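Worksheet: one structure, shown below.
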Amino acid sequence: MKHTTLLVILLMGFSTQLWGDMIKEPNVAGGFYSADPRELSDSIDQYEQSTGPVPADRKVLIAVAPHAGYPFSGPVAAYTYKAIAQNHYKTIVILAPSHYFPFEGISIWPRGAFKTPLGTIPIDEDFAQALLKESPSFHFLPNVFEREHAIEVELPFLQKTFDHVRIVPILMGDPDPQVCRDLAMALDKLIGQRQDVLILVSSDMSHYYTYDVANSMDAETLKTIVALDPKKFFEGNISRKMEMCGFVPMTTALIYARIRGIKHVEVLRHANSGDTSGDKSRVVGYSSVIFYNDLLGAGRSPDNEAGVLSVLQKKELLKIARSTIETFVKTGKVPDIKSRDAKLNDVQGAFVTIRKHGVLRGCIGDIVGEEPLYKTVRDMAVAAVSQDPRFSPVLPAELKDIDVEISVLSKPRRVHDASEIQLGQDGVIVSEGDHQGVFLPQVAAETGWSKEEFLAQLCSQKAGLAADAWKNPDTALYIFTADVFAEN
């Protein structure tokens with residue numbers, strides 16, 4: 001037999017903890033997270049309250065969350081659960097690595113429930129037992145669950161996020177790309193046209209490197225995940241150029257995403273234990289990632305939405321804007337900047353806004369975009385510091401006080417009635433003859449205007465039209481969304 005450890009496990013017999021009524025007792029309550037229900041619940045609330053902006057309108061099909069002790073990874077995990085909270089799932093398939101026992105294939109817990117200090121969460125027995133029949137590599141090996149934490153750590157977050165869901169807990173063994181393919185295909189078959197199933201990948205990232213090395217390695221790993229490249233991801237982990245403890249589950253999820261035609265991957269948050277503990281000598285990386293095609297409700301599609309940039313892509317655009325501003329203000333020259341990122345080479349509109357001590361200092365944009373996005377950001381950064389007619393050009397002495405904000409725009413879509421405009425979510429363009437004006441979506445929040453006030457100011461202040469011109473059938477209204485992010 002290839003793995004004598006597995007033989008020992010099977011010969012050990014089944015513990016009374018696991019069998020009986022098939023209620024899986026927690027392994028790490030009081031260790032990875034509090035065993036006190038109130039403390040546990042409060043800690044999750046605090047993590048979610050401390051998150052930054054999270055896109056909560058995605059119809060998420062795959063999600064990634066870390067599984068370390070809550071004081072280390074909880075602040076990152078909260079981004080995942082906050083992003084999926086508005087979805088309606090009946091079944092959550094949890095793909096996790098086996099940390100303690102090597103084995104071939106996968107192990108699926110088939111019935112009963114898993115228990116945490118917050119109560120029990122039931123197994124989707126029909127799904128689990130149907131999945132067991134799909135391949136000779138799919139087993140129920142109860143003892144591999146005895147010490148494992150990778151599934152359990154996700155459960156209190158799920159219990160706090162959803163009232164009525166069932167889980168399919170799956171531990172994945174040795175790295176075998178065929179097993180990954182088999183599981184991805186089996187999941188695709190069983191899920192079919194259902195829209196109420198989430199694939200949840202439980203995984204931390206790089207382990208025990210210095211802070212800077214870990215960030216560099218994790219960046220390459222996340223870049224490959226965003227590119228939906230399972231082959232490069234698997235090989236990168238085998239060669240140790242990339243590192244996720246759950247790279248076998250993640251490979252499966254990437255293959256599943258390709259089979260299902262999932263188009264959008266968004267990294268919501270990346271950090272490591274050095275960010276929470278302060279010890280940056282040997283850190284563990286954590287990430288929050290979502291995969292989706294559509295938005296929730298109203299039939300809006302992200303093909304017409306702007307919010308599909310990853311955290312890494314946003315950081316690159318901010319770096320481009322900042323370096324361009326520094327170079328141009330000091331030398332008068334526009335730097336020659338390149339980007340290898342495929343998304344940043346797509347043609348897309350963008351605005352660059354600069355503020356000095358929080359006060360607007362310049363804002364210029366290209367609504368549609370005629371060049372790759374990274375070049376549009378570069379050129380709008382130059383325009384914002386030198387061509388906004390409302391302000392004098394920015395001087396070198398001001399650079400230390402300048403903050404940069406970028407708004408990446410979707411393609412404008414014409415609407416035929418102002419009732420279609422969602423204030424605070426949509427930017428609006430008004431156009432009549434030679435007159436045109438635009439307000440970004442964030443203007444509504446910054447001013448507190450009603451929709452009527454927003455449109456009246458857009459017409460009079462930005463387009464030079466009568467305040468009520470938006471009511472005229474000859475006046476065209478267009479809407480767009482903006483993915484807005486800033487240095488601070």
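The values are calculated or read from the model by the stated rules, or taken from the named source; none is laboratory data. Computed from a predicted model, the values in this text were never measured in an experiment. When we count neighbours, we look across all protein chains shown, and the Cβ atoms used for this are built from the backbone with ideal geometry, even at glycine. For the accessible areas, the whole protein counts, side chains as well, though only heavy atoms, and no ligand, DNA or RNA atoms are used. Shrake-Rupley method; radii C 1.70, N 1.55, O 1.52, S 1.80 Å.
Points to keep in mind about this one:
- Taking every C-alpha pair closer than 8 Å and separated by at least 6 residues, the mean separation divided by the residue count of region 190-270 gives a relative contact order of 34 percent.
- DSSP bridge orientation in the chain - percent antiparallel, rounded to nearest 5: 70 percent
- Linear extension gain, Q86 paired with I259, 0.36 nm per residue minus alpha-carbon span: 59.8 nm
- Loop-exposed trypsin sites (Lys or Arg not before Pro) per DSSP, neighbour cap 12 Cβ within 10 angstrom, longest uninterrupted part of the chain: 3-132
- Size descriptor, Kirkwood hydrodynamic radius, that averages inverse alpha-carbon separations across region 298-424, Å: 15.5 Å
- Translational diffusion of region 158-225, estimated by Stokes-Einstein from the Kirkwood radius over alpha carbon pairs at 37 °C in a medium of 0.692 mPa s, is 214 µm² per second.
- Calculated [θ] (222 nm, deg cm²/dmol) that DSSP helices of n ≥ 4 give over the chain, each run adding -39,500 (n - 2.57): -10000 deg cm²/dmol
- Applying Stokes-Einstein at 4 °C and 1.567 mPa s to the Kirkwood radius of region 175-288, computed over alpha-carbon pairs, gives a translational diffusion coefficient of 88 µm² s⁻¹.
- The chymotrypsin sites (Phe, Trp or Tyr not before Pro) found in region 333-417 include none that occupy coil by DSSP while having at most 13 further C-beta atoms within 10 Å.
- Take the Cα of A219, step 7 Å toward its Cβ, do the same at K400, and the gap between the two points is 2.6 nm.
- Cα gyration tensor shape of region 197-356, rounded if a/c is under 1.5, else prolate or oblate by comparing a/b with b/c: oblate
- Proximal lysines to K338, defined as alpha-carbon separation beneath 23 angstrom and excluding residues fewer than eight positions away on the same chain: K223, K314, K315, K319, K330, K375
- Equivalent-ellipsoid semi-axes for the chain (Cα gyration tensor, √(5λ), whole Å, largest first): 46, 25, 20.
- Ratio Rg/Rh [Cα only; Rh per Kirkwood] for region 84-182: 0.96
- Within the accessible area of region 397-488 (1.4 Å probe), percent carbon and sulfur: 45 percent
- Accessible area of the chain divided out per residue, in Å², using a probe of 1.4 angstrom: 44 Å²
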